[in-house]
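Right, one structure below, let's go through it.
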């Protein structure tokens, strides 16, 4: 199923909001998902898995505490935004975890010359392209017990840029289920006032 980057960003944003993130963090989730897909990575798939893992958990259980840990598991969007706001990734040599959907951290630290790694996968940037080293399947990890941000460029192959998102049906279904939570339930008054005749007899 082929989607434009605008469409997938909007879906990701609504899904993140439906999963309980603030509108500000939901905006970040949409942009991060779009960025990952544009750089050849499965952003929507990883977001759907992360939202499923974090669903129902209060913010203070998934937000970073001292030592970049959480009471439960780190939310990658909340953590990524904190890393960006504090400029913490610029110095490198951080250890975080456990983290749900660690791939989602990458857009937040991409401006820095650092390597993001977990479970045998290594990611970084070079000349606007993502550099992937190690085990490629690791990018889809639903959770990583330990994530490292280290100073220095990543080594590996450059991923091609993409201008469309190819999403599987399961990922779309999961994200849409979260997005549906942002819609107000229909009432009798809204149904009558909506499209069509409703209960009005115009004959």
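Show that you can apply the helix-only estimate: for the chain, add -39,500 (n - 2.57) for every DSSP H stretch of four or more residues, divide by all residues, and state [θ] at 222 nm to the nearest 500.
-11500 deg cm²/dmol
Round to the nearest 10 and give me the degree value, 0 to 90, for the angle of helix 23-38's Cα axis relative to the longest principal axis of the chain.
60 degrees
Treating the angle as unsigned and between 0 and 90°, give the value, to the nearest 10°, between the Cα long axis of helix 43-54 and the longest Cα principal axis of the chain.
Computed tilt is about 80 degrees.
Could you give the alpha-carbon Rg of region 51-153 over 2.2 N^0.38 Å, rounded to two decimals?
Rg over 2.2 N^0.38 Å, computed on Cα atoms: 0.99.
By how many nm would the segment from residue 95 to residue 137 lengthen if fully extended, with 0.36 nm per residue of separation less the alpha-carbon distance?
13.0 nm
Based on the alpha-carbon set only, what is the convex hull volume of region 59-106 divided per residue, in Å³?
69 Å³
Any idea what the relative contact order of region 1-80 is, in percent, if you count C-alpha pairs under 8 Å spaced at least 6 apart?
Averaging sequence separation for qualifying contacts and normalising by length gives 23 percent for region 1-80.
Which angle from 0 to 90°, rounded to the nearest 10, does the C-alpha axis of helix 76-86 make with the longest principal axis of the chain?
Here the helix axis deviates by roughly 60 degrees.
Diagonalise the Cα gyration tensor of the chain and give the resulting equivalent ellipsoid semi-axes, square root of 5 times each eigenvalue, largest first, whole Å.
35, 19, 13
Hey, what did the chain get for relative contact order, percent, Cα under 8 Å, at least 6 apart?
26 percent
What is region 97-140's relative contact order, in percent, from Cα pairs under 8 angstrom and six or more apart in sequence?
Computed over region 97-140, the figure is 32 percent.
Between residue 113 and residue 146, what is the label-point separation in nm under the 7 Å Cα-to-beta-carbon projection?
Once both label points are built, they end up 2.7 nm from each other.
Return the distance in nm (one decimal) between the two label points of a simple spin-label model at residue 164 and residue 183, each offset 7 Å from Cα along Cα→Cβ.
2.6 nm
Could you state, as a whole-number percent, how many of the C-alpha pairs of region 1-81 are farther apart than 20 Å?
For region 1-81, the fraction of Cα-Cα distances above 20 Å is 28 percent.
Taking the simple approach of a point 7 Å from Cα along Cα-to-Cβ for both residue 86 and residue 6, what is their distance in nm?
3.7 nm
Any read-out appearing in this document is the output of simple, stated calculations on the displayed coordinates, not a laboratory observation. Everything numeric here is computed off the predicted structure, so don't read it as measured data. So basically every Cβ, Gly included, is an ideal-geometry build from the backbone, and we count neighbours across all protein chains shown.
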